[in-house]
Amino acid sequence: MNWLAGTLAAAAGLALPAAAGGLAIEISDIRSDEGRVMVAVHAPADGVEFPDEAGALAGAWTEAASGTWTLTFPDLPDGRYAVAAIHDENGNGDLDTNLLGVPVEGYGFSNDALGFMGPPAFADAAVVVAGGTAVARVTLRY
């Protein structure tokens, strides 16, 4: 599963519309200092399922450090956004899975939303930015 790596690459080339607010993202329960933690902010897009890279608006990554990582995207227009994050512990750019397709590295979504047999729906992970700075919390699951 390399949806987040592709999302980060796609988001890097996008220009954001005029800013109205920000989105602070708190990623918690990072279990080790190995690899890197990657995050992508998605906007709703017709015909695009979350977290497909076609809905990616912004992305960032950092070297992993156990505990919590907080970052802010300060220049987002008012709207609804969903966040996807992974802890790529082995640094290969993918969210590694076992033979059944179950992730073996950390992953999480805003609102700690869970999906059934895959990622959650955009609506379940959505956070509203309406001026000021909204907060999205993501607890990584391993």
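The values are calculated or read from the model by the stated rules, or taken from the named source; none is laboratory data. Predicted, not measured: the structure shown is a model, and the values here were computed from it. Note that each Cβ is placed from the backbone with ideal geometry, even for glycine, and that neighbours are counted across all protein chains shown. All accessible areas refer to the heavy atoms of the entire protein, side chains included, with ligands and DNA or RNA removed. Shrake-Rupley method; radii C 1.70, N 1.55, O 1.52, S 1.80 Å.
Observations on the structure shown:
Quick grid of which residues meet (1) outside any helix (DSSP H, G or I); (2) farther than 23 Å from Ala121 by Cα; (3) at pLDDT 95 or above:
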residue: Ala18; (1), (2), (3): yes, yes, no
residue: Ala24; (1), (2), (3): yes, no, yes
residue: Ser28; (1), (2), (3): yes, no, yes
residue: Ala40; (1), (2), (3): yes, no, yes
residue: Asp46; (1), (2), (3): yes, no, no
residue: Ala54; (1), (2), (3): no, no, no
residue: Trp69; (1), (2), (3): yes, yes, yes
residue: Phe73; (1), (2), (3): yes, no, yes
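- Verdict on Gly6 being at positive phi, at pLDDT below 95 and open to solvent by 10 Å² or more (accessible area, probe 1.4 Å): no
- For region 56-67, the tally of residues that are in a strand (DSSP E or B) and surrounded by 14 or more Cβ atoms within 10 Å (Cβ to Cβ) stands at 6.
- Taken over region 28-52, the residue count meeting the criterion of being among the polar types (S, T, N, Q) and either without any contact (Cβ under 8 Å) to a residue 24 or more places away in the chain or in contact with a strand residue (DSSP E or B) (Cβ under 7 Å, 6 or more places away or on another chain) (or both) is 1.
- Residues of region 90-142 satisfying the condition of being touching a strand residue (DSSP E or B) at 6+ places or on another chain (Cβ under 7 Å), closer than 28 Å to Gly22 by Cα and of a type in the set (A, V, I, L, M): Leu95, Ala125, Ala126, Val127, Val128, Val129, Ala130, Ala134, Val135, Ala136, Val138, Leu140
- Selection over region 82-141 of residues that are closer than 19 Å to Glu53 by Cβ and of a type in the set (S, T, N, Q) gives a count of 3.
- The set of residues in region 75-109 being in a strand (DSSP E or B), under 10 Å from Val37 (Cα atoms) and open to solvent by 10 Å² or more (accessible area, probe 1.4 Å) consists of Tyr107 alone.
- For first residues located in region 114-142 and in contact (Cβ under 8 Å) with a residue 24 or more places away in the chain and open to solvent by 40 Å² or more (accessible area, probe 1.4 Å), partners that are among the polar types (S, T, N, Q) and part of a strand (DSSP E or B) and lie 6+ apart or on another chain with Cβ distances below 8 Å form the pairs Thr133/Thr72; Arg137/Ser28.
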